[in-house]
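Shown next, in structure tokens, is the structure this report addresses.
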Amino acid sequence: MDFLEEPLPGVGTYEDFNTIDWVREKSRDRDRHREITSRSKESTWALIHSVSDAFSGWLLMLLIGLLAGSLAGLIDISAHWMTDLKEGVCLAGFWFNHEHCCWKSNTTFTDRDKCPEWKSWSQLILGHGEGAFAYILNYFMYVVWALLFSLLAVLLVKGFAPYACGSGIPEIKTILSGFIIRGYLGKWTLIIKTITLVLAVSSGLSLGKEGPLVHVACCCGNILCHLFTKYRKNEAKRREVLSAAAAAGVSVAFGAPIGGVLFSLEEVSYYFPLKTLWRSFFAALVAAFTLRSINPFGNSRLVLFYVEFHMPWRRKTTKLGKYPVLEVFVVTAITAILAFPNEYTRMSTSELISELFNDCGILDSSKLCEYVNDFNSTKGDDLPDRAAGPGVYTAMWQLALALIMKVFITIFTFGMKVPSGLFIPSMAVGAIAGRLLGVAMEQLAYYHHDWAIFSGWCSQGADCITPGLYAMVGAAACLGGVTRMTVSLVVIMFELTGGLEYIVPLMAAAMTSKWVADAIGREGIYDAHIRLNGYPFLEAKEEFSHKTLAMDVMRPRRNDPPLTVITQDSMTVEDVETIINETTYSGYPVVVSRESQRLVGFVLRRDLIISVENARKKQDGIVSTSIIYFTDHSPPLPPSSPSMLKLRSILDLSPFTVTDQTPMEIVVDIFRKLGLRQCLVTHNGKLLGIITKKDVLKHIAQLANQDPDSILFN
Ligand code: ATP
């Protein structure tokens, strides 16, 4: 009797930190699809089932878009309010942030965020906001709030969801490539990440919410997959959904739906069929639309910039890394203490970036434009409004100090045990550097407009230079250098700023920064992070150019014990249980007999354990001496012998095989393109060995002179 006609619960699933077999998952989905389609002709109910099954993917995308958009809106509103809470409170209602508080007051447009309802802490406590004591009190409150927020964030992460720290993009990339990390996209991670992201961003640490928003969207995708059997039970299908969720995440993080789809394709996804492209597009669109309807900024615009992180290798060596709470305390204290005196670091990083991108229009009240406006007011109207004014040096000094601070603090912030993205800090660093260069050029053009490079297109007012554009290009270049994004980066920048005419400088910046960064080191931040954490990620971009053969990589090696195999019709339940107990391999080849070593198929350890345990409990007559059959037909048994156990249904009858002489470049290609988990090696038709994905990764590491054992997540 084949008691496994209906799969047992757990059969076909994977254990934590294991690699999935894409080929098996995709073929299971095809089987399921074929069955539903063939049944659909039998009854109306089956037809409805078939139609709803086909439609479920789109419905799931809609739900992901709605949930991700709503959470992003909630995060934006809360973070905005809590960021302003560090400076003061609104008397008209404590839940209003600074800008909303002043909406109803009768202040002018330029003074739109200075109104009587908004009280700084010194005004509230001392009754006035002037003088040294008021400054010190505001400073003190700023630091205290920052510490409170960041400590709460790290304690929540440490206590409830350790996976909620960091940006999550390297891990999502690894999961999408076919690795299982249980709980990484679960409900606790989602709840804690959402709360702590607000806290971390509000604390003023040098981090961004955009990378973590991708993680939040992927958690939404993973949780919503449980509503649909098709996605709940198939790891490959679920990864299609997660790819689309990542696109929705970027869509709401940057307000860039097309950039989100391209980001998912270029940067995070491993398997991205056309169908996923359309669904990602739909999910990104719904998410962006939902966020826009929530209107978190009150200006009908979506979110501005996006962050991911750099230089984790430095952090790995610090002793502080072992004490996450202390680490967060120290870094927040230093950040807050250094940030407050400089207006460019005191404001939130996204605010700073939008100021840096600013073109200093006539109505502009931003600090960066004050010198321009000062200048205009002293000079009168006969010159264009873009030139060197008296305040320029102070502004530039402050910006230069902000640049130094951002670079150093960001290095130490990334990798702390709080949600942290790298996009915003990288963009801020690039934008500051770009703006400084832009202003320097502006000064040159102003004082030396007769120089050959300026002559002909620069008038005396230096109106040919737009420092805001330099900042934008700098931000794109810096982010491109850190992440090595190209197409998606340009599209995100273009969607962020709405400046179609800047596409050419942005493209040039993205390409140049990629070349320069690749010349220094080939890895982008995500790949570096994946390598540092030892995740088993088989990079599709790198060429494999060595001349090794499958026999050089396969196990067992020359002096190892022979390959552990199961025979198709001669092993007892006890024999198989002994193999399971004595070895930890994830699967076993099934052969005709030990002598012939002719391959029949491959059986996964997990499926074997579940099936044997179940048979022992539920099937009558199964004892230690029962023979396990993987064959199609079992021989008739003498009446006195114990019942047999038929396990053909858990046998993979088409395991991938190569010969021992197959060049490794072909094997690596097969692993990459088909998403294999393991491949069996034969010689003259006889089974000889096995190569797993991790064996391939170890081999690549060895050829690159890295320690193969240090690179894998075990
Ligand atoms: P994962 O953790 O994703 O399962 P892995 O590479 O650790 O990947 P295992 O099946 O645990 O997978 O294999 C561990 C090592 O043992 C690998 O080097 C593999 O080549 C080897 N191996 C796998 N199965 C057998 C087997 N049946 N007999 C002998 N060696 C095996």
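The values are calculated or read from the model by the stated rules, or taken from the named source; none is laboratory data. Small disclaimer: the values here were computed from a predicted structure and weren't measured. FYI the Cβ positions are ideal-geometry reconstructions off the backbone, even for glycines, and counts take in every protein chain you see. Ligands, DNA and RNA are stripped out before the accessible areas are found, and what is left, the full protein with its side chains, is counted by its heavy atoms. Shrake-Rupley method; radii C 1.70, N 1.55, O 1.52, S 1.80 Å.
Could you list all residues from segment 222-263 that are of a type outside the set (A, V, I, L, M, F, W, C), within 20 Å of residue 292 (Cα to Cα) and in a helix (DSSP H, G or I)? Once the filter is applied, which keeps residues that are of a type outside the set (A, V, I, L, M, F, W, C), within 20 Å of residue 292 (Cα to Cα) and in a helix (DSSP H, G or I), segment 222-263 yields 249, 251, 257, 259, 260. Look at (1) outside any loop (DSSP other than H, G, I, E, B); (2) within 16 Å of the ligand (Cβ to nearest atom) and you find that residue 564 fails only one, number (1).
For segment 49-80, a residue qualifies if it is β-branched (Val, Ile, Thr) and over 20 Å from residue 250 (Cβ atoms), and exactly one does: 51.
For every residue, the table says whether it meets (1) touching a residue at least 24 places away in the same chain (Cβ under 8 Å); (2) within 15 Å of the ligand (Cβ to nearest atom).
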{"site": "8", "(1), (2)": "yes, no"}
{"site": "11", "(1), (2)": "yes, no"}
{"site": "17", "(1), (2)": "yes, yes"}
{"site": "25", "(1), (2)": "yes, yes"}
{"site": "30", "(1), (2)": "no, no"}
{"site": "34", "(1), (2)": "no, no"}
{"site": "38", "(1), (2)": "no, no"}
{"site": "42", "(1), (2)": "no, no"}
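Of all residues in segment 73-118 being among the β-branched types (Val, Ile, Thr) and at pLDDT below 80, which is nearest to residue 288 (Cα to Cα)? Result: 110. For residue 582, the criteria (1) modelled with pLDDT of 90 or more; (2) open to solvent by less than 70 Å² (accessible area, probe 1.4 Å) hold in every case but one, which is (2). Within segment 223-238, residues that are buried (at least 17 other Cβ atoms within 10 Å of the Cβ) sit with their Cβ atoms under 9 Å from residues that are of a type in the set (S, T, N, Q), at 6+ positions apart or across chains, in these pairs: 228/56; 230/56; 231/56; 233/13; 235/13; 238/222.
Scanning segment 494-507 finds one or more residues that are part of a helix (DSSP H, G or I) and either among the acidic types (Asp, Glu) or on the phi > 0 side of the Ramachandran plot (or both).
Look through segment 47-87, keep the residues that are of a type in the set (Ser, Thr, Tyr) and touching a residue at least 40 places away in the same chain (Cβ under 8 Å), and return whichever of them is nearest to residue 217 (Cα to Cα). The qualifying residue nearest to residue 217 (Cα to Cα) is 70.
When segment 143-180 is limited to residues that are in a loop (DSSP other than H, G, I, E, B), among the hydrophobic types (A, V, I, L, M, F, W, C) and touching a helix residue (DSSP H, G or I) at 6+ places or on another chain (Cβ under 6 Å), the one that is surrounded by the most Cβ atoms within 10 Å (Cβ to Cβ) turns out to be 165.
Within segment 547-569, the residues that satisfy the criterion of being crowded, with 16+ Cβ neighbours inside 10 Å and closer than 23 Å to residue 668 by Cα are 548, 549, 550, 551, 553, 554, 563.
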